[in-house]
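What follows is a single structure, written as C-alpha cells, with notes after it.
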Amino acid sequence: MLLFTLLTALLAGVTPHITMATSASAGEARPGATIRLFVDVIPDPKVHVYAPGAKDYLPIVLAITPRTGVKAGKLTYPKSQDWYFEPLKEHVPVFSVPFRLEHTVTLGASLKPGERVTVAGVLNYQACDDVVCFNPVSAPVSWSLTVK
C-alpha cells in the first residue's frame, strides 16, 4: 500500500503552489460498500489555501464528478488554522501545513464484479502568501477502484 501511495504521489505531480496526491481506503470493494477517497495536500512554503468559513475568499473544495454506479457522500476537512491578515485586521481560516481532505463514495448495486470504476473530480482552490493571492486553480483528480 505504501508503494502504491508513493507512486500515486509521483504521478499526481505538482500543481501551482501546492503538491497533492490521491489515495483511497480500499482499491477493491463490493457493490454497496462505502470507500473513503483522500487528497493529501502540501502547501508550498509560506503559502496557505483558504478553509471553509473564509468569508470573501475561495475555500478549497473537492467536487466529485457525478457517475452512474457511484454515489458521492460527504466531504470532510481537518481542523483549520487561524491566520491573521494584518493589512485588513481580519482572522481567516486557512490550511498552511500538510492536510488531508476525505470524500466518501458508495458503489452502486448495478456494478458488476471485476468492473474497473474511475471516480473523477476536481480540486478547486486559491493559494495565497503573505502578500499576494494567486489565480484560482481547478486541478483534476481521480481514483481507480475494482468491484469485487
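When the range 23-56 is filtered for residues that are under 11 Å from Leu145 (Cα atoms) and of a type in the set (A, V, I, L, M), the ones remaining, listed by number, are Ala24, Ala26, Ala29, Ile35, Leu37. Considering each residue of the range 57-69 in turn, at least one proves to be over 29 Å from Leu145 (Cα atoms) and either surrounded by fewer than 19 Cβ atoms within 10 Å (Cβ to Cβ) or free of Cβ contacts under 8 Å to residues at least 60 places away in the same chain (or both).
Please work out if Asp82 is under 19 Å from Pro45 (Cα atoms), among the charged types (D, E, K, R) and not in a strand (DSSP E or B). It is false that Asp82 is under 19 Å from Pro45 (Cα atoms), among the charged types (D, E, K, R) and not in a strand (DSSP E or B). Within the range 95-116, the set of residues being more than 20 Å from Glu28 (Cα to Cα) and under 11 Å from the mean Cα position of the chain (by Cα) comprises Phe99, Arg100, Leu101. If you check Arg100 against the conditions, is it over 19 Å from Pro45 (Cα atoms), surrounded by fewer than 16 Cβ atoms within 10 Å (Cβ to Cβ) and either hydroxyl-bearing (Ser, Thr, Tyr) or out of contact with any Gly (no Cβ under 7 Å at 6 or more places or on another chain) (or both)? Here the answer is no, as Arg100 does not meet what is asked. Mind listing whichever residues of the range 85-121 are in a loop (DSSP other than H, G, I, E, B), on the phi < 0 side of the Ramachandran plot and of a type in the set (Lys, Arg)? Listed by number, the list holds a single entry, Lys112. Being in contact (Cβ under 8 Å) with a residue 24 or more places away in the chain, among the aliphatic types (A, V, I, L, M) and over 15 Å from Ser23 (Cβ atoms) is a property that holds for Leu111. Within the range 122-134, restricting attention to residues that are assigned to a strand (DSSP E or B) and over 13 Å from the mean Cα position of the chain (by Cα), the residue that is nearest to Ala29 (Cα to Cα) is Ala127. Here the condition is being under 24 Å from Ala26 (Cβ atoms), of a type in the set (Val, Ile, Thr) and surrounded by 17 or more Cβ atoms within 10 Å (Cβ to Cβ); of Val119, Val92, Val137, Val49, it holds for Val119 alone. Taken over the range 29-65, the residue count meeting the criterion of being in a strand (DSSP E or B) and over 14 Å from Cys133 (Cβ atoms) is 14.
Read-outs throughout are calculated quantities, based only on the coordinates presented, and are distinct from any laboratory measurement. Computed from a predicted model, the values in this text were never measured in an experiment. Ideal geometry is used to build each Cβ from the backbone, glycine not excepted, and the neighbour counts take in all protein chains shown.
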